[in-house]
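Asker: The following block contains the structure, expressed as structure tokens.
Derivation of every value follows stated rules applied to the coordinates shown; laboratory data play no part. Being a predicted model, the structure only gives us computed values, none of them experimental. For neighbour counting, all protein chains shown are included, and Cβ atoms are generated from backbone atoms with ideal geometry for every residue, glycine included.
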Amino acid sequence: MRITCQEQLLPGTTLTEKWDAARRLGYDGIELRGQGDHRIRERLPELRAARAAGVVMNTVCVEMLHFIGDFDADRRRDAVDNMRTQLSVIAELGGSGAMTPASYGMFSRRLPPFTPPRDEAGDREVLLDALGELGRHADAEGVRILLEPLNRYEDHMVNRLDQAVELAEATGLDAVGVVADAYHMNIEETRPSAALEAAAGRLAHVQVSDSNRLEPGAGHLDWAAFLAALGRIGYRGDLAAECRLSGPAEDVLPRASATLRAALPAPETAR
């Protein structure tokens, strides 16, 4: 398993400076952030130069105000178009995929008014339409679109890994995978290790932050158990730090990478 870090957490101004910091602080790659308005396409000269300089950029995590499950059709269309761009860019960089939640901050069944303006059948229809289109585009580009479950307070549609896996399977496309985020799993999964094992066939990426959304090691998650489950299913992808930091990056990021490396299963325990 490779340990990576999202670009905004790393010291430095340019990607090459951030890459130098990443390696110094114990990371093997950088996870990009994909902002709206197709900004990642505007960054292509920078990204191409970084790749030529040896910067490892395997994945991109969307950073927008609306997503593929939005209630508004125009915003959904824009979200899908932006994800198509992100898939094409990460493919050009030699990466593996781009990830998105169904939505973020749009609605929660756990807070008033409790009942969303669209029923569950409508939710499923818009998500399958989006994932189908993005899966076909990802397949053509040789990468994967990755659906990330969020906790119940941030999204009302896809909260658990089994829900994401079911949608991915329903598309019938191998290019649709799922993301496991340790923070959201801590809230939603009754047995996180069992959830990871059940998702093995579609699990393509893992994001790591602790129980309090801080860097690994700053909360109470059992990283040895979490990573042991990944070892049992033969997971060989990235562990990407997506978190807030409890202190200066130079101080806490190396502690986080050390926490993860210490918990990595021995090679002989993995399939």
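Asker: Which whole-number percent gives the relative contact order of the chain, counting Cα pairs below 8 Å spaced six or more residues apart? Intermediate values should be presented prior to the final figure.
Answerer: Values: 544 pairs, mean separation 46.0, N = 271.
Worked out over the chain, it gives 17 percent.
Asker: Just I233, I40, I30 to compare: in a GNM of the chain, with alpha carbon springs under 10 Å, which one fluctuates most?
Answerer: Largest GNM mean-square fluctuation: I233.
Asker: To continue, here is another question. Just want the ordering: C5, C61, from fewest to most Cβ atoms lying within 10 Å of their own Cβ. Numbers along the way, then the final one.
Answerer: Values: C5 29, C61 24.
Least crowded to most crowded, the residues run C61, C5.
Asker: Now for a separate question. Round to the nearest 0.05 the FRET efficiency obtained for D20 and F114 when R0 = 41 Å and r is the Cβ-Cβ distance. Show your work: numbers first, answer last.
Answerer: Numbers: r = 49 Å, r/R0 = 1.19.
Efficiency, rounded to the nearest 0.05: 0.25.
Asker: Got a sec? Which residues in the stretch 11-50 would a label at E250 touch, if it sits 7 Å along Cα→Cβ and we count backbone N under 11 Å?
Answerer: Backbone N within reach: 11-12.
Asker: What are the extents of the Cα atoms of the stretch 124-178 along their three principal axes, in Å, largest first?
Answerer: Rounded to whole Å, the extents work out to 34, 19, 16 Å.
Asker: Right, here's the next one. What is the extension gain from R152 to A266, computed as 0.36 nm multiplied by their sequence separation minus the C-alpha to C-alpha distance, in nm to one decimal? Present the calculation step by step, with values, prior to reporting the outcome.
Answerer: Numbers: separation 114, 0.36 × 114 = 41.04 nm, distance 3.42 nm.
Value of the extension gain: 37.6 nm.
Asker: Another question, then. By count of other Cβ within 10 Å, fewest leading, how are Y183, Y235, Y104 ordered?
Answerer: Working: Y183 21, Y235 24, Y104 17.
Going from least to most buried by this count: Y104, Y183, Y235.
Asker: If you don't mind, there's one more thing I want to ask. Just to confirm my numbers, what's the Cα centroid distance between the stretch 119-182 and the stretch 244-264 in Å?
Answerer: Here the answer is 30 Å between Cα centres.
Asker: To make sure I understand, if each residue's beta carbon is the centre and we count other beta carbons within 10 Å, what order do T14, T171, T4 fall in, fewest to most?
Answerer: On the way: T14 13, T171 21, T4 26.
Sorted ascending by nearby Cβ count, the order is T14, T171, T4.
Asker: Filter the DSSP H helices in the chain by two things, a Kyte-Doolittle mean of at least -1.0 and an axial alpha-carbon span of 24 angstrom or more, and list the hits by number. Please report the intermediate quantities before stating the final value.
Answerer: Working: long enough: 73-92 (29 Å, -0.82); 120-141 (31 Å, -0.51).
What comes out of the filter, once short or polar helices are dropped, is 73-92, 120-141.
Asker: Here is a follow-up. Taking springs between alpha-carbon atoms closer than 10 angstrom, which of M64, M99, M185 fluctuates most in the Gaussian network model of the chain?
Answerer: In the Gaussian network model the winner is M64.
Asker: In whole Å and largest first, what semi-axes does the C-alpha gyration tensor of the chain yield when each eigenvalue is scaled by 5 and square-rooted?
Answerer: Details: eigenvalues 145, 104, 64 Å².
The equivalent ellipsoid of the chain has semi-axes of 27, 23, 18 Å.
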